[in-house]
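Colleague: A single structure is presented below for examination.
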Amino acid sequence: MRRFERTQSSKGTSMSRHSPEPDDFDVVVIGGGVLGTAVAARLSGTTASTCLLEAESDVAEGASKGNAGVAVSYYGPPGTLETQLITASTPRWEEITGRLSVPYRRIGAIMVALDEEQAGRLEHTRDEILACGVRAEMLTVAQALRDEPLITRRCVAALSMPDEGVIDPMALTVAYANLAAANGVSVRLGWRVTEIATLDDGRHRIVAGKGVVTARFIVNAAGVAAGRISRLAGGEDLDYWPRKGQYAVLDRAFAQALKRIVFSTHSTTTKGINVVPTTHGSALLGPTAEDHQDPGDKSTDLETAERLVASASTLVPGITEDMIIKFFAANRPASDESHRLRFDRNVSTLLHCTNRSAGVSLSPAAADHALELLTAAGLRAGPAPEAVHVLPPAPRMRNCPDPGALVARDPQYGQIVCACEHVSAAEINRALAQPVPATSIDGVRKRTGATYGRCQGSLCSAGISFMTALHTGTGPATVKQTARGTVGA
Amino acid sequence: MSTPVIVVGAGPSGLGCALALASALPVVVVERIPVLGGTAGWDHPSLRACAERAADLGVTFRLGESALRWDGRSLLITGPGTCATLNAEHLFYAGGLRPATAAALKLTGDRPAGILPATVVEHLLQAGVPLWRTVVVIGEGHWAGTIARKARRLGSRVIAIGRHAPWADERHDRPAAWSAAGRDRVTAIRLVYDDPSGQRQLELACDGIVLAEQPVPNRNIDGAVLTGAQDVTYVQPLTPTGFQARFDDAQRVASAWLETHRKVDAR
């Protein structure tokens with residue numbers, strides 16, 4: 001297996017060896033979320049030429065940056081494609097995250113029942129998990145409290161799900177994109193698709209604000225915008241709407257003591273509010289599920305924020321309001337088909353690839369399956385012998401067991417920029433100089449965790465804005481704070 | 001020679017601790033910025049005398065190095081090209097203050113660009129970065145006035161939310177609830193008041209929001225975050241605010257610790 005190198009592989013900038021036009025590709029993937037980048041990364045290991053179009057100025061700007069960061073082992077009933085893809089992905093996380101240097105911990109989950117009625121439903125959930133071929137085991141109250149001492153003593157029964165893990169979903173998406181770019185996928189950010197036409201030879205002509213590309217196949221991984229893309233391409237009239245999830249972030253001074261993901265018992269309609277440790281040591285409380293109409297609405301509200309903390313503290317009673325360091329919200333793509341990985345019924349070269357909320361968890365197997373479907377439909381995509389499959393290691397000072405060795409290797413590791421999360425200048429400069437680099441303070445946060453801690457950037461945002469301005473060739477006023485807005489007016 | 005004590009932070013509080021302790025024990029001062037002074041500024045007139053006394057007493061300074069982890073006996077520190085574990089019998093943490101976060105203030109709503117902590121704004125304004133035309137300054141922390149005066153000199157209109165704001169063009173009382181609005185960049189702040197006659201809402205157009213609410217202590221060394229942390233004394237009083245007052249206060253705290261420590265030692 002080859003390692004990633006700074007100089008791009010020979011496949012790199014040649015755009016396409018199969019096509020005469022410079023902006024013509026075998027496959028155009030629309031959407032730079034976790035599914036789009038996973039498919040692009042998978043295609044980048046083949047001889048097919050691929051382009052990734054993302055409407056925002058960075059990857060992971062939708063549901064992929066606003067989720068709980070759980071690589072689930074179970075999400076729904078057995079027999080569905082969604083479940084098959086999750087089950088196929090579950091055993092692979094250690095290998096994948098090791099290869100792509102993405103933070104991941106298989107810490108297992110515990111689902112807690114607070115009364116006899118919930119305990120009954122828990123057994124039903126256990127049966128469904130076992131039917132999926134996934135491990136799950138009922139625990140006595142004593143076992144549950146040993147398994148996770150921070151859960152409530154009001155617990156009457158619990159279910160252990162040992163194969164669940166926590167992952168950094170933003171780092172995963174960025175890693176997929178970096179791998180794709182390193183293998184020559186043309187990653188185009190700020191390319192919002194406005195028009196898709198079909199040419200005489202059946203190829204698609206895709207128009208975005210910044211230019212035009214053509215391709216034989218389209219992979220529609222546009223998340224909540226997937227309905228719009230399908231209609232533009234002449235495909236089915238698919239209905240997607242935003243389902244907002246609000247979250248609260250819990251300070252790691254308390255959260256790092258959590259040993260397991262703590263799920264509430266599923267009701268018949270919702271999966272409830274959970275307490276999820278992050279790979280950063282903090283924890284997320286959430287999510288809510290609020291169906292609405294405006295994909296741009298990622299607002300939080302006080303009533304929900306307070307309810308999140310109250311719900312979470314029924315599971316883990318040590319949680320109090322003063323431990324909350326941030327509220328945020330994101331929209332996941334809800335649709336009548338919760339998982340859609342299939343060709344369009346009208347347009348045979350349009351492959352839909354979306355999921356309601358388990359996109360991270362099934363992304364490895366979904367990418368494989370997408371490639372199988374594309375190949376079966378006539379895409380020539382043999383293994384590319386020169387493709388790289390491993391990204392360079394991305395150590396972090398925060399949890400490094402031997403910080404001295406890191407500093408000896410690169411003195412910038414010793415220079416801590418984000419004081420709360422202990423993110424060094426080396427890590428920030430790496431985020432600003434990778435194949436799909438950070439171009440905003442938020443982009444640095446998504447890649448490194450800087451500004452994510454308890455002071456929320458009070459100490460380090462100015463320094464990071466200067467570093468980002470240097471790398472992006474802008475000034476401290478014009479440098480971007482978020483994917484869309486600048487620090488200065 | 002006995003095990004040293006470590007002081008993290010070389011502002012007025014850290015220096016006060018160091019000088020009070022140094023006559024009795026070896027003292028190491030760790031400061032993440034490569035100069036003394038902390039929030040008082042590296043050019044504060046009282047600094048030279050402090051530095052000279054510290055040198056006479058044999059205080060070791062490790063400037064430009066950050067403290068990362070404390071386990072009750074030793075402190076991991078790093079700086080550009082350096083990494084060391086310092087043994088110590090006690091840690092004095094004088095890491096200064098920061099403004100309360102949006103979450104702590106329960107400022108909800110959109111999360112657009114243009115909402116910044118006061119400490120960051122101070123830094124950017126100092127560097128001459130133009131930030132807004134109309135700015136809402138939330139809170140009454142000591143940053144608020146400084147920032148507002150500088151912003152007005154640069155031609156910005158300043159709206160204050162707080163009880164006392166003689167430096168503002170416009171002032172409103174703190175509401176029962178508030179939220180930010182704006183998709184790309186902040187466009188307004190929405191205030192909700194619980195009036196006797198019912199709820200009253202107010203929307204103020206702005207293109208920047210500064211979080212400058214009353215200061216809260218920085219806590220960023222793993223193992224020295226929670227109040228009950230082992231062998232840690234936090235020296236981050238919210239008041240007083242002047243250099244000398246902070247310095248004196250810290251000296252008292254450190255001397256009191258020294259007294260207790262000696263009694264325990266004698267036993």
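Only the coordinates and a few stated rules stand behind these numbers; no lab work does. Since the model is a prediction, treat every value here as computed from it, not as a measurement. Because the Cβ atoms are built from the backbone with ideal geometry, glycine has one as well, and the counts that use them run over all protein chains shown.
Colleague: If r is the Cβ-Cβ distance from B:LYS263 to A:ALA377 and R0 is 60 Å, what FRET efficiency results, to the nearest 0.05?
Modeller: Numbers: r = 82 Å, r/R0 = 1.37.
Calculated value: 0.15.
Colleague: Per residue of segment B:237-252, in order, report the coupling 6.51 cos²θ - 1.76 cosθ + 1.60 (Karplus, θ = phi - 60°) as ³J(HN,Hα) in whole Hz, putting x for Gly and Pro.
Modeller: Whole-Hz 3J(HN,Hα) from phi for segment B:237-252: x, 6, 9, x, 10, x, 4, 5, 5, 5, 4, 5, 4, 5, 4, 5.
Colleague: Give the order of A:ASP163, A:ASP115 when sorted by the count of other beta carbons within 10 angstrom, beginning with the fewest.
Modeller: Final ranking by Cβ density, sparse to dense: A:ASP115, A:ASP163.
Colleague: What per residue convex hull volume, in Å³, do the alpha-carbon atoms of segment B:129-267 yield?
Modeller: For segment B:129-267, the hull spanned by Cα atoms encloses 189 Å³ per residue.
Colleague: Based on DSSP H runs of at least 4 residues, each adding -39500 (n - 2.57), what is the mean residue ellipticity at 222 nm of chain B after dividing by all its residues, to the nearest 500 deg cm²/dmol?
Modeller: Taken over chain B, the calculation gives -8000 deg cm²/dmol.
Colleague: Past 18 Å, Cα to Cα, is the threshold; run A:LYS65/A:LYS244; A:LYS326/A:LYS446; A:LYS259/B:LYS106; A:LYS271/B:LYS106 against it and keep the listed order. Mind showing how you got there, number by number?
Modeller: Numbers: A:LYS65/A:LYS244 13 Å; A:LYS326/A:LYS446 15 Å; A:LYS259/B:LYS106 28 Å; A:LYS271/B:LYS106 26 Å.
As for pairs spanning more than 18 Å Cα to Cα, those are A:LYS259/B:LYS106; A:LYS271/B:LYS106.
Colleague: Could you identify which residue out of B:PRO215, B:PRO45, B:PRO99 has the top mean-square fluctuation in a GNM of chain B using Cα springs shorter than 10 Å?
Modeller: Evaluated over chain B, the most mobile residue of the options is B:PRO45.
Colleague: Can you compute 3J(HN,Hα) from phi for each residue in segment B:77-84, using the Karplus curve 6.51 cos²θ - 1.76 cosθ + 1.60 with θ = phi - 60°, rounded to whole Hz and x for Gly and Pro?
Modeller: With the stated coefficients, segment B:77-84 comes to 10, 9, x, x, x, 10, 7, 8 Hz.
Colleague: What's the ranking of A:81-88, A:124-131 by average number of surrounding C-beta atoms within 10 Å, highest first?
Modeller: Order by mean packing, descending: A:81-88, A:124-131.
Colleague: With each run of n ≥ 4 DSSP H residues scored as -39500 (n - 2.57), what mean residue ellipticity at 222 nm is computed for chain A after dividing by its residue count and rounding to the nearest 500 deg cm²/dmol?
Modeller: -8500 deg cm²/dmol, from helical runs alone.
Colleague: Can I ask one more? How far apart, in nanometres, would the label points at B:THR82 and B:HIS142 be if each is projected 7 angstrom from Cα along the Cα-to-Cβ direction?
Modeller: Simple spin-label model gives 2.8 nm for this pair.
Colleague: Enumerate the whole-percent occupancy of each 10 Å bin, from 0 to the last occupied one, for all C-alpha pair distances of segment A:78-128.
Modeller: 20, 33, 32, 14, 1
Colleague: Mind ranking A:194-201, A:103-110 by how tightly packed they are, going by the mean number of other C-beta atoms within 10 angstrom, highest first?
Modeller: On the way: A:194-201: 12.1, A:103-110: 20.4.
Going from most to least packed, we get A:103-110, A:194-201.
Colleague: Shielding of B:94-103 by partners, i.e. mean partner chain Cβ atoms within 10 Å per residue?
Modeller: 5
Colleague: Now for a separate question. Report, by chain and number, residues whose modeled amide H sits under 5 Å from the one on A:VAL29, excluding near sequence neighbours (fewer than 5 apart, same chain).
Modeller: Counting only residues 5 or more places away or on other chains, the set is A:CYS51, A:LEU52, A:LEU53, A:VAL219.
Colleague: Among the chymotrypsin sites (Phe, Trp or Tyr not before Pro) in segment B:60-159, which ones are in a DSSP loop with at most 16 other Cβ atoms within 10 Å of the Cβ? Mind listing them?
Modeller: On the way: sites: B:PHE61, B:TRP70, B:PHE92, B:TYR93, B:TRP132, B:TRP143; in loops: B:TRP132.
Here no loop site has a sparse enough neighbourhood.
Colleague: Now for a different question. Write down the percent of antiparallel bridges among all DSSP beta bridges whose residues are both part of segment B:79-191, to the nearest 5.
Modeller: Roughly 30 percent of the beta bridges in segment B:79-191 run antiparallel, per DSSP.
Colleague: For segment B:52-199, give the magnitude of the charge dipole about the Cα centre (Cβ charges: +1 Lys/Arg, -1 Asp/Glu; no others), in debye to the nearest 20. Don't skip to the answer; put the middle values down first.
Modeller: Working: 19 positive and 14 negative charges, 93 e Å.
The dipole magnitude comes to about 440 debye.
Colleague: Beyond 15 Å, what percent of the Cα pairs of segment A:151-210 remain?
Modeller: Value for segment A:151-210 (Cα pairs over 15 Å): 75 percent.
Colleague: Sequence gap at least 6, Cα distance under 8 Å: using those rules, report the relative contact order of chain B to the nearest whole percent.
Modeller: In percent, rounded to a whole number, it is 23.
Colleague: Return the average number of partner chain Cβ atoms within 10 angstrom of each residue Cβ along peptide B:75-81.
Modeller: Numbers: counts 0, 4, 3, 12, 5, 10, 8.
What the average comes to for B:75-81 is 6.
Colleague: Could you give the length gained by full extension between A:GLN256 and A:ARG154, i.e. 0.36 nm per residue of separation minus their alpha carbon distance, to one decimal place?
Modeller: Result: 34.5 nm gained on full extension.
Colleague: Cα convex hull of segment B:52-187: how many Å³ per residue?
Modeller: So the per-residue hull volume is 198 Å³.
Colleague: Moving on. Which ordering of A:SER282, A:SER57, A:SER64, A:SER363 is given by a fewest-first count of other beta-carbon atoms within 10 Å?
Modeller: A:SER57, A:SER282, A:SER64, A:SER363
Colleague: Further question: As a test of understanding, state the convex hull volume per residue of segment B:1-116 from its alpha carbons, in Å³.
Modeller: It is 145 Å³ per residue.
Colleague: Springs between alpha-carbon atoms under 10 Å, Gaussian network over chain B: tell me which of B:PRO80, B:PRO196, B:PRO12 tops the mean-square fluctuations.
Modeller: Among B:PRO80, B:PRO196, B:PRO12, the largest mean-square fluctuation in the Gaussian network model of chain B belongs to B:PRO196.
Colleague: A follow-up question, please. Name the long-range amide H neighbours of B:GLY141: under 5 Å, sequence gap of 5 or more, or other chain; modelled H, no Pro or chain starts.
Modeller: Sorted by chain and number, the residues that satisfy this are B:GLU213, B:GLN214.
Colleague: Sequence gap at least 6, Cα distance under 8 Å: using those rules, report the relative contact order of segment A:189-335 to the nearest whole percent. Could the numbers behind the result be given before it?
Modeller: Values: 275 pairs, mean separation 36.8, N = 147.
With pairs under 8 Å counted, the relative contact order is 25 percent.
Colleague: Connecting C-alpha atoms closer than 10 Å in a GNM of chain B, tell me which of B:ASP56, B:ASP71, B:ASP249 has the biggest fluctuation.
Modeller: For chain B, modelled as a Gaussian network with Cα springs under 10 Å, the answer is B:ASP56.
Colleague: Computed FRET efficiency, Cβ-Cβ of A:GLU236 and A:GLN143, R0 45 Å: what is it to the nearest 0.05?
Modeller: Numbers: r = 49 Å, r/R0 = 1.08.
Calculated transfer efficiency: 0.40.
Colleague: Quantify how strongly other chains surround peptide A:477-488 by giving the mean number of their Cβ atoms within 10 Å of each of its Cβ atoms.
Modeller: 6
Colleague: Taking 8 Å as the Cα distance limit and 6 or more residues as the minimum spacing, I'd like the relative contact order of segment B:1-126 as a percentage.
Modeller: Contact order relative to length: 27 percent.
Colleague: OK, next. Using the alpha-carbon centroid of each, what span in Å lies between segment B:41-62 and segment A:270-293?
Modeller: Here the answer is 49 Å between Cα centres.
Colleague: Using a Förster distance of 56 angstrom, determine the FRET efficiency expected from the C-beta separation of A:ASP115 and A:THR194, and round it to 0.05.
Modeller: About 0.60, to the nearest 0.05.
Colleague: Applying the Karplus parametrisation 6.51 cos²θ - 1.76 cosθ + 1.60 with θ = phi - 60° to the phi angles of segment B:33-46, what ³J(HN,Hα) value in whole Hz is obtained for each residue in order, glycine and proline being reported as x?
Modeller: Result, ordered by residue: 8, x, 9, 7, x, x, 5, 5, x, 5, 9, 5, x, 7 Hz.
Colleague: Another question about this same structure. Under unit Cβ charges (Lys, Arg +1; Asp, Glu -1), what dipole magnitude, rounded to 20 debye, does segment B:150-232 have relative to its Cα centre?
Modeller: Using only the charged Cβ atoms, the result is roughly 360 debye.
Colleague: Which value in Å is the Kirkwood Rh of segment B:96-139 over different Cα pairs?
Modeller: Details: mean 1/r = 0.0845 Å⁻¹.
About 11.8 Å for segment B:96-139.
Colleague: Write down the radius of gyration of the protein assembly as shown and its Dmax, each obtained from C-alpha positions, in Å.
Modeller: Both quantities, over Cα of the protein assembly as shown: 27.2, 95 Å.
Colleague: Fewest to most neighbouring Cβ within 10 Å: what's the order for A:LYS446, A:LYS244?
Modeller: By the 10 Å Cβ count, ascending, the order reads A:LYS244, A:LYS446.
Colleague: Using 0.36 nm per residue of separation minus the Cα-Cα distance, give me the extension gain between A:ARG205 and A:ALA433 in nm, one decimal.
Modeller: Difference between extended and current length: 78.9 nm.
Colleague: Search the structure for amide H atoms under 5 Å from the amide H of A:THR47, placed 1.01 Å from N in the peptide plane, and list their residues when 5 or more places away or on another chain.
Modeller: Under 5 Å from the amide H of A:THR47: A:GLY382, A:ALA384.
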